[in-house]
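Trainee: Below is the structure I would like to discuss, written out as structure tokens.
The values are calculated or read from the model by the stated rules, or taken from the named source; none is laboratory data. Remember, predicted model here, so these are calculated numbers, not experimental data. Positions of Cβ are generated from backbone atoms using ideal geometry, with glycine treated the same way; all protein chains shown enter the neighbour counts.
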Amino acid sequence: MKRICYPFTAIVGQDEMKDALVLNTVNPSIGGVLIRGEKGTAKSTTVRALADLLPERDVVEGCPCGCSWNDPDSACPDCRVRIEAGEARRASAPMTVVELPLSSTEDRVAGTLDIEHAITTGKKKFEPGILAKANGNILYVDEVNLLDDHIVDLLLDAAAMGVNYIEREGVSYSHPSRFILVGTMNPEEGDLRPQLLDRFGLMVDIKGEQDEKKRSEIIRRRLAFERDPEGFSQSYSGSNAELRDRIVEARAAVRDIIPDDRTLDMAVKISLHLGVDGHRSDLTLVKTACARASLDHRDKVTPEDVVAVSKLVLPHRMRKNPFQDSSLDVGGLENWMKETLAGL
Amino acid sequence: MRAHLPLAAMSGMEDVSDAFQCLICSPDVRTLLIMGPTGTGKSVAARSICGFAPDKEVIEVPQNVTREQLFGSVDIEMTIREGWKVGSESILGRADGNILIADNVNLLPDDILQPLVNAISDGIVRAEVGGISVDSACDSILICTMDPAEGELSGHMMDRFDMCVTLGSTEDETVRKQIIRTNLRYEADPKGVQSEYADREAAVRERIAKARLPDVEVSDGYIDLISKISSEMFVEGHRGDLSVLNVACALSALNGRKHAGVEELKEAVRLCLQHRRRSPPEVPPEPPPQEQEPPPEEDEQDEPDERDRDEDRQDNEQQQPREAPEPEDGDEGDPGEEPGEDKVFAVGEEFDVRDYIPPESRTNRNRKTGKRDLSRSNDSSGRTIGDRIPLGRVSDVALVATLRAAAPYQTVRDHQDLAVAIKKDDLREKVRVRMKGTRLLFVVDGSGSVGAHERMVSVKGSILSMLNDAYRRRDEVGMVVFRNMKAETVLPMTRSVLTAFKKLKELPTGGRTPLLSGLALGYDILRREAEAGYEPVMVVLTDGRGNVGLEGGKPTPEETEKVCGALRESGIRIIVIDTEVGLLRFGRARALSAQLEGEYLLLEDLNAERLTESIRAAMSVFDRGHRRASALDLSSSDTDPASFIRASHSGRLS
């Protein structure tokens, strides 16, 4: 039996983290979320709850790479053969959270030669790795800052291209690997290279809830859930369904949102003002702003959306060197943004 | 044709476009490096080349590519079936006539990158199949990308690239907005955007098809001009000259010329020589200050420029030749030592530090910049780089290599219902390397003497610079400070450089100098690291004027030798950075480094910019001597560079 998951809408507080995750489900190309903060702040619960809430996907039946039914062009070589031969069948698969353990080896992450197959049959076959399993799902990397650099490089290359290329052990293969990357880290245990930080679309800093009322509410709900998981989940099924519908609608609607010049202006001005390297921040600001607008059932994105999402997009891109604290000067920036908004 | 964002849809890609056309049009132009910070479109641009050459296959070289996969090995399946060694398909085997793309090449291991680039630029692939090497021609194009902030390639590697284009992000708001629009549109409808630019890509293809490279004539004067430009730009070696000539010819052919043109030459110089350029050797570096002669009083600024320094020196020499010397003996009350009065100095200006840590062993001398230490690991962690016949008991079996070894004998072995019969002799084990940052411990003199002349400001600036360097290289850092009567661990070993910086900012200065206690504490900390299998480094920042011994009294020679001896034996690499300043120098830090058998540096020498010149001067002397000795002497003055290019060029074209 499937274990019952703590409902997403029952999670108290941590609004930034929830927003960042939901925005990514609307447009996965935003590039994932990096969650910085202490242990025991419901990071993994939230991510699991989100996956549980999302609708099932249409996939090619039996594909170990989770190829999407609706995108035959980017399917893996095996699926392409099956689709062309008319043998492929459609199936539904729930969103899952694929975890990448710290001890993962390159072979496990990227995939490699299927040794068992080679030994038992003497023939070559590709054995998919974590990047294949993650396709279409959420890839959750706890303590991403402690992962070996070369593994992180693999992850981010796949995340950036949406394809995992394997050239190992006599196997030459490629398969789609599009996923929502969620990484967590405790900054006191070490930093991530700035180049890797930039590859994460959004970042949130989280703390344990400070408000006493909220804290006791967290405990109360947790106890209620543990006492009667089914009943507890039932009582949130309405709000969960509502959020699911909102996400599904927003996914469809966000494609039709075309940002106007003022919105682009705001994004560009913010990046230039803060002296952020490269163009990734501009693009992420606009994409995230569009996702926000569509979640609010609006068909137009505004400069205000850009301002609202900037606190998720920018903090981790600000550091010129590791010794500046990466938090923004919130007050000063807000004033500057207000002025700039007025001037647009 | 693969899905790609057309190059014409991206802004600021004119150089990339020309470079692509040269690659496709000329068989002598084969390699291109695209550099730039993160998020400037390097990878996307690299892949857009397929729009110019749809008949060529684009082959990705992933980060985790193995050597066998690149160069070929024994094909297991075929070998089992045939009973003799059959070579496997390799990336370079498939590359003939096609395009290879490798991202983040500065993060690739040396034993992958070097042979890869060499194979493409020489046009020959050497495949090793079960002990037999087979050479085959390989006419392909290699496009690499890298972010120099993540580590640079050696000058030798850079020279191997025919062309190099550096991308940046623009400050122009209109262009930036256009970039966002293009990206959003491409994401929503890749095919639509591609077809929009189909005409422009077709036009480029036609231009390439029309180019008649063999018809382009090159005059003698043209070649003389190239070698003149090269030497004026301080380009070393002749590979750059040849690249310029080949690219200039390709561009001229693309422009429909019958003669290699001047405009084309200008562009070729930009594409081919920028990355090979070395800054000119300017004034010879100053010799290190002699111990007897009072050195000039230094400005407290971190890096006064060369001219200021010279003026300072003159002033000093005129005005104050022999002023009242500071107290002779550091043991008795150092100048500026104000017991009881602690000061917290600001952190001085930051700079790029030179590569100041000596390599841990000879085998690592050829390592590329980037992460400092690459060590063979004996357990099953780290990245697999190959396999070997096991040395003892096998625990980390390289299954694929084992299968490969067993494959040729399958037709003759007794299978007993098995698909593959493996014998003990077939077993292979994995060879792994573990990338690890260095363990760096800063042992900082916080006594009053370092506080004198605001010296601590520069010291802190230098530590900051080294911390920044450590951060880039993923080193673990720690900090010990000795002042007043004792040494204390301000920061235990950590990967969080940020914490280190916070501690540095708060670091107080003042009091006496318990140098030996500092060294002893550092020894204790690093010995543990050494026992854990790391090869730690101790960076001691001091003027060496210790005046408090281990027992709180004056330091005795016996004590000193005890501590130094332990450190010498420990295998800890030690660098003593001399912070001494002032008119009269005692040279104690130099003596200390000698006793520790460590490296010795002046604080100022850490600054990469200031030191590069003197290193380069030393290197060029070394290089000259070295190259003379080699048979293929290209750089000595008796070979006229122009005639060399001419000979090579005619050899290639005729």
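Trainee: Could you check the stretch A:257-283 and list, in sequence order, the residues that are more than 9 Å from chain B (Cβ to nearest Cβ), of a type outside the set (A, V, I, L, M, F, W, C) and more than 26 Å from A:Leu197 (Cα to Cα)?
Mentor: Within the stretch A:257-283, A:Asp260, A:Arg262 meet the criteria.
Trainee: Also, I was wondering about something else. Which condition number in (1) under 26 Å from A:Glu188 (Cα atoms); (2) without any contact (Cβ under 8 Å) to a residue 24 or more places away in the chain is the one that A:Tyr140 fails?
Mentor: Result: A:Tyr140 passes all but (2).
Trainee: Would you call B:Glu82 surrounded by fewer than 16 Cβ atoms within 10 Å (Cβ to Cβ) and closer than 17 Å to A:Arg168 by Cα?
Mentor: No.
Trainee: Working only within the stretch B:545-562, note down all residues that are closer than 28 Å to B:Glu531 by Cα and either within 35 Å of the chain's Cα centre (by Cα) or small (Gly, Ala, Ser) (or both).
Mentor: Once the filter is applied, which keeps residues that are closer than 28 Å to B:Glu531 by Cα and either within 35 Å of the chain's Cα centre (by Cα) or small (Gly, Ala, Ser) (or both), the stretch B:545-562 yields only B:Gly549.
Trainee: Just to be sure before I move on: is A:Val286 within 14 Å of chain B (Cβ to nearest Cβ), under 18 Å from the mean Cα position of the chain (by Cα) and free of Cβ contacts under 8 Å to residues at least 40 places away in the same chain in the structure I sent?
Mentor: yes
Trainee: Separate question: Scan the stretch B:478-531 residue by residue and report those that are of a type in the set (S, T, N, Q), assigned to a helix (DSSP H, G or I) and more than 14 Å from every other protein chain (Cβ to nearest Cβ).
Mentor: B:Ser517
Listed here are the residues, each with its yes/no results for (1) in a helix (DSSP H, G or I); (2) over 30 Å from B:Ser517 (Cα atoms); (3) charged (D, E, K, R).
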position: B:Ala407; (1), (2), (3): yes, yes, no
position: B:Thr411; (1), (2), (3): no, yes, no
position: B:Ala419; (1), (2), (3): no, yes, no
position: B:Leu440; (1), (2), (3): no, no, no
position: B:Arg455; (1), (2), (3): yes, no, yes
position: B:Gly461; (1), (2), (3): yes, no, no
position: B:Ser465; (1), (2), (3): yes, no, no
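Every residue, every condition in (1) of a type outside the set (Gly, Ala, Ser); (2) at positive phi; (3) not assigned by TED's automatic domain parsing to the domain that holds B:Glu349, yes or no:
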{"residue": "B:Arg413", "(1), (2), (3)": "yes, no, yes"}
{"residue": "B:Asp417", "(1), (2), (3)": "yes, yes, yes"}
{"residue": "B:Gly446", "(1), (2), (3)": "no, no, no"}
{"residue": "B:Ser462", "(1), (2), (3)": "no, no, no"}
{"residue": "B:Ser465", "(1), (2), (3)": "no, no, no"}
{"residue": "B:Val497", "(1), (2), (3)": "yes, no, no"}
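Trainee: Restricting the search to the stretch A:2-51, which residues are more than 14 Å from every other protein chain (Cβ to nearest Cβ), touching a residue at least 24 places away in the same chain (Cβ under 8 Å) and among the basic types (Lys, Arg)?
Mentor: A:Lys18, A:Lys39, A:Lys43, A:Arg48
Trainee: Quick one: B:Gly41 ticks every box in (1) within 24 Å of B:Phe161 (Cβ to Cβ); (2) surrounded by fewer than 23 Cβ atoms within 10 Å (Cβ to Cβ) except a single one, so which number is it?
Mentor: So the condition that B:Gly41 fails would be (2).
Trainee: Still on this structure: If a residue has to be over 22 Å from A:Trp336 (Cα atoms) and small (Gly, Ala, Ser) to count, how many in the stretch A:285-308 make the cut?
Mentor: The qualifying residues number 3.
Trainee: Taking the stretch B:100-122 as the search range and keeping residues that are within 14 Å of another protein chain (Cβ to nearest Cβ) and β-branched (Val, Ile, Thr), which one is surrounded by the most Cβ atoms within 10 Å (Cβ to Cβ)?
Mentor: Checking each candidate, the answer is B:Val105.
Trainee: Here's another thing I want to ask about it. Restricting attention to the stretch B:66-79, which residues are within 9 Å of chain A (Cβ to nearest Cβ), among the hydrophobic types (A, V, I, L, M, F, W, C) and either in a helix (DSSP H, G or I) or surrounded by fewer than 18 Cβ atoms within 10 Å (Cβ to Cβ) (or both)?
Mentor: B:Leu70, B:Ile76
Trainee: Which ones in the stretch B:223-238 are in a helix (DSSP H, G or I) and either assigned by TED's automatic domain parsing to the domain that holds B:Leu33 or buried (at least 19 other Cβ atoms within 10 Å of the Cβ) (or both)?
Mentor: B:Ile223, B:Ile226, B:Ser227, B:Ser230
Trainee: In the stretch A:1-60, which residue that is small (Gly, Ala, Ser) and part of a helix (DSSP H, G or I) is modelled with the highest pLDDT?
Mentor: Residue satisfying both the conditions and the ranking: A:Ala20.
Trainee: Another question, then. Out of the residues in the stretch A:169-182 meeting the condition of being in contact with a Pro (Cβ under 8 Å, 6 or more places away or on another chain) and within 11 Å of chain B (Cβ to nearest Cβ), tell me which one is surrounded by the most Cβ atoms within 10 Å (Cβ to Cβ).
Mentor: Result: A:Tyr173.
Trainee: Is it true that some residue in the stretch B:25-41 is over 26 Å from B:Glu187 (Cβ atoms) and in a helix (DSSP H, G or I)?
Mentor: The answer is yes; a qualifying residue exists.
Trainee: Could you list all residues from the stretch B:80-97 that are over 30 Å from B:Asp414 (Cα atoms) and either assigned to a loop (DSSP other than H, G, I, E, B) or more than 31 Å from the chain's Cα centre (by Cα) (or both)?
Mentor: Residues satisfying the conditions are B:Ser90, B:Asp96, B:Gly97.
Trainee: Could you tell me whether the stretch A:112-130 includes any residue that is aliphatic (A, V, I, L, M), closer than 28 Å to A:Ile4 by Cβ and under 17 Å from the mean Cα position of the chain (by Cα)?
Mentor: yes
Every residue, every condition in (1) surrounded by fewer than 17 Cβ atoms within 10 Å (Cβ to Cβ); (2) within 14 Å of chain A (Cβ to nearest Cβ), yes or no:
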{"residue": "B:Ile124", "(1), (2)": "yes, no"}
{"residue": "B:Asp135", "(1), (2)": "yes, no"}
{"residue": "B:Cys138", "(1), (2)": "no, no"}
{"residue": "B:Met146", "(1), (2)": "no, yes"}
{"residue": "B:His156", "(1), (2)": "yes, no"}
{"residue": "B:Thr174", "(1), (2)": "yes, yes"}
{"residue": "B:Ile179", "(1), (2)": "no, yes"}
{"residue": "B:Tyr186", "(1), (2)": "no, yes"}
{"residue": "B:Gln194", "(1), (2)": "no, yes"}
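Trainee: Take the stretch B:1-39 and flag every residue that is β-branched (Val, Ile, Thr) and within 13 Å of chain A (Cβ to nearest Cβ).
Mentor: Result: B:Thr38, single match.
Trainee: Go through A:Arg221, A:Arg227 for me and flag whichever is farther than 20 Å from A:Lys311 by Cβ, surrounded by 13 or more Cβ atoms within 10 Å (Cβ to Cβ) and not small (Gly, Ala, Ser).
Mentor: A:Arg221
Trainee: Just to be sure, is A:Met185 assigned by TED's automatic domain parsing to the domain that holds A:Lys124 and surrounded by 17 or more Cβ atoms within 10 Å (Cβ to Cβ)?
Mentor: Spelling it out, A:Met185 is indeed assigned by TED's automatic domain parsing to the domain that holds A:Lys124 and surrounded by 17 or more Cβ atoms within 10 Å (Cβ to Cβ).
Trainee: For the stretch B:384-429, enumerate the residues that are farther than 17 Å from B:Glu68 by Cα, of a type in the set (Gly, Ala, Ser) and either touching a Leu at 6+ places or on another chain (Cβ under 7 Å) or within 13 Å of chain A (Cβ to nearest Cβ) (or both).
Mentor: Once the filter is applied, which keeps residues that are farther than 17 Å from B:Glu68 by Cα, of a type in the set (Gly, Ala, Ser) and either touching a Leu at 6+ places or on another chain (Cβ under 7 Å) or within 13 Å of chain A (Cβ to nearest Cβ) (or both), the stretch B:384-429 yields B:Ala419, B:Ala421.
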